[in-house]
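Novice: Once you've had a glance at the structure underneath, I'll fire off some questions.
The values are calculated or read from the model by the stated rules, or taken from the named source; none is laboratory data. Owing to the predicted nature of the structure, the values given are computational and were not obtained by experimental measurement. Please note: Cβ atoms are built from the backbone with ideal geometry, for glycine as well, and neighbour counts cover all protein chains shown.
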């Protein structure tokens, strides 16, 4: 089952959706689309089936009703990159020797974009995370970034994704400083990444991250086109923001150097 598929909405009928920890219900009746969602405790793969509305205490369930002048005919759940940078806390700190270059892989969570379609319209209803993330400020008060933090495991080869809605991200890592680095966390500006599908796997466009200078300044570069991990990769969604130049982030507060600079 792929989230890009269109599901027919019939008068008086409804669906239940589970993906990640997100639990969602939607139905259409008498010119109104009714939505409800909450978050569960267990990560699951995408599951869409006919069902009744979600119920529960108001503090746990969010409900919405959408007025539509033209009946809704179908809906899709589209994957999208997060709407803020990801602050990755690594399960195991990475040591990178000076002058070394490595390709690393990790999985990033994807947001769930609900799209309603009628005979004459296509509306994006919401853009939700598959689980609840903590908002974290990373960096100095003057030049830091606000993003979503979570722990992840770095891989040297692609591996199967965890349950839920995730994309495989590949980054070419360069240590162009004069010292050895120990990376405990770093910020990924995911808004500049595109999403591709090859078979059952979602992947992002490729990127590279270089550490330069005495302070370990970070320089991101974003590549265009499919990453090329599987045959027949097709574009699912473009970046939230277009990268017209290299993206620079001062990294001194994000890195602990083993050599003390």
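Novice: Does residue 31 satisfy being surrounded by fewer than 19 Cβ atoms within 10 Å (Cβ to Cβ) and either in the same structural domain as residue 191 (by TED's automatic domain parsing) or free of Cβ contacts under 8 Å to residues at least 40 places away in the same chain (or both)?
Specialist: No: the conditions fail for residue 31.
Novice: Follow-up question, since we're still on this one. Name the residue that is modelled with the highest pLDDT, counting only residues in the range 1-28 that are more than 22 Å from residue 119 (Cα to Cα) and assigned to a loop (DSSP other than H, G, I, E, B). Break it down into steps so the answer makes sense when it comes.
Specialist: Just the residues of the range 1-28 that are more than 22 Å from residue 119 (Cα to Cα), to begin with: 1-2, 16-25.
Filter once more, keeping what is assigned to a loop (DSSP other than H, G, I, E, B): 1-2.
Details: 1: 45, 2: 58.
Checking each candidate, the answer is 2.
Novice: Okay, next question. Run down 183, 173, 202, 209 and say which single residue is touching a residue at least 12 places away in the same chain (Cβ under 8 Å), in the same structural domain as residue 89 (by TED's automatic domain parsing), within 19 Å of residue 80 (Cβ to Cβ) and part of a strand (DSSP E or B).
Specialist: Details: 183 fails: within 19 Å of residue 80 (Cβ to Cβ); 173 fails: within 19 Å of residue 80 (Cβ to Cβ); 209 fails: within 19 Å of residue 80 (Cβ to Cβ).
Only one candidate passes the filter, namely 202.
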